[in-house]
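These notes concern the structure reproduced below.
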Amino acid sequence: MGRYVVWPDVAALSEEKPDKTAFMRWREAQWEEASRDKTIQWTWTPLARIPTHVVLAVTIAEDDKFWHHDGFDFPAMEQALRRNIEAGRVAAGGSTITQQLAKNLYLSPSKSPLRKAKEAILAYRLERTLHKQRILELYLNVAEWGDGVFGIEAAARHHYKVSASALTPNQAAHLAAVLPNPLKWSPTKPSPGVAARARLYLSRMQRRL
């Protein structure tokens with residue numbers, strides 16, 4: 001695990017787009033094992049082309065303290081741990097966008113303590129090497145929004161048949177609402193829970209725009 005203190009070269013991400021992420025490769029391995037003929041949907045789009053309401057929807061949904069913490073939201077982590085103990089299972093995560101980015105780029109979706117420790121090391125390094133806007137740009141471009149659908153551009157085209165720049169606030173809220181489980185939930189055919197979260201996010205977005 002000690003190698004993650006110096007590897008990979010996260011500084012390269014300040015200028016370069018990442019290659020196919022570890023999470024994408026993990027999905028491909030799943031498909032191969034199941035003999036499914038699928039390919040990754042992934043198109044990079046700069047943060048400057050992503051509407052403010054999309055950025056706001058995702059940060060409200062996934063990490064409302066993103067602009068103010070150093071990679072870790074300890075109160076949220078403590079709350080998630082308490083909920084998991086009460087539920088007797090992993091019912092809540094508490095991970096920040098930076099932690100999720102570290103996992104998506106370099107690690108597996110395993111919930112083991114060792115993987116979480118690696119994630120923490122990488123998140124610490126990402127926060128101290130990249131500026132917040134770049135971390136968010138990377139996250140929005142590698143987050144999963146469906147089976148094999150990665151990044152906000154592919155998500156917009158797959159679910160709404162538009163570019164990310166044309167997403168409406170309502171569509172952005174629904175996309176943000178499915179991020180915790182994009183394989184189970186749909187932004188276009190939302191379950192009652194997804195619809196309720198989307199309404200909440202949209203209400204908060206409208207107050208902040």
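Within the chain, the longest run free of GluC sites (Glu not before Pro) that sit in a DSSP loop with at most 12 other Cβ atoms within 10 Å is 17-209.
For region 189-197, backbone phi angles converted through the Karplus equation (6.51, -1.76, 1.60; θ = phi - 60°) give residue-by-residue couplings of 10, x, 5, x, x, 5, 4, 5, 5 Hz, Gly and Pro being listed as x. The accessible area of Ser186, taken with all protein chains in place and a 1.4 Å probe, comes to roughly 30 Å². For the chain, the fraction of 1.4 Å probe accessible surface lying on carbon and sulfur atoms is 51 percent. Working note: Debye formula, equal point scatterers on the alpha-carbon atoms of region 127-183, no solvent; log10 I(q)/I(0) at q = 0.17, 0.18, 0.23, 0.26 Å⁻¹ is -0.54, -0.60, -0.89, -1.05. Cross-link candidates for Lys17: which aspartates and glutamates have Cα within less than 16 Å, leaving aside residues fewer than 8 places away along the same chain? Straight-line reach from Lys17, under 16 Å: Asp9, Glu137, Glu153. His158 exposes around 80 Å² of accessible area when a 1.4 Å probe is run over every protein chain in place.
Would you kindly calculate the translational diffusion coefficient of region 1-61, applying Stokes-Einstein with the Kirkwood radius from alpha carbon pairs, for 37 °C and a viscosity of 0.692 mPa s, and quote it in µm² s⁻¹ without decimals?
220
Take the cross-link list Lys132/Lys184; Lys20/Lys189; Lys103/Lys189; Lys65/Lys118; Lys65/Lys189 and give me the ones stretching past 25 Å between alpha-carbons.
On the way: Lys132/Lys184 29 Å; Lys20/Lys189 29 Å; Lys103/Lys189 28 Å; Lys65/Lys118 22 Å; Lys65/Lys189 29 Å.
Checking Cα-Cα distances, Lys132/Lys184; Lys20/Lys189; Lys103/Lys189; Lys65/Lys189 exceed 25 Å.
Computed per residue of the chain from DSSP H runs no shorter than four, each worth -39500 (n - 2.57), the mean residue ellipticity at 222 nm is -16500 deg cm²/dmol.
Working note: Karplus 6.51/-1.76/1.60 with θ = phi - 60° gives region 163-179 the couplings 7, 4, 5, 9, 5, 7, x, 5, 5, 4, 4, 6, 5, 5, 5, 9, 4 Hz, where Gly and Pro are set to x.
Modelled spin-label separation between Arg115 and Ser163, with each label point placed 7 Å from Cα along the Cα-to-Cβ direction: 3.6 nm.
The values are calculated or read from the model by the stated rules, or taken from the named source; none is laboratory data. This is a predicted model, so every value here is computed, not measured. Glycine gets a Cβ as well: all are built from the backbone with ideal geometry, and neighbour counts include every protein chain shown. Surface accessibility is based on the protein's heavy atoms, side chains included, excluding ligands, DNA and RNA. Shrake-Rupley method; radii C 1.70, N 1.55, O 1.52, S 1.80 Å.
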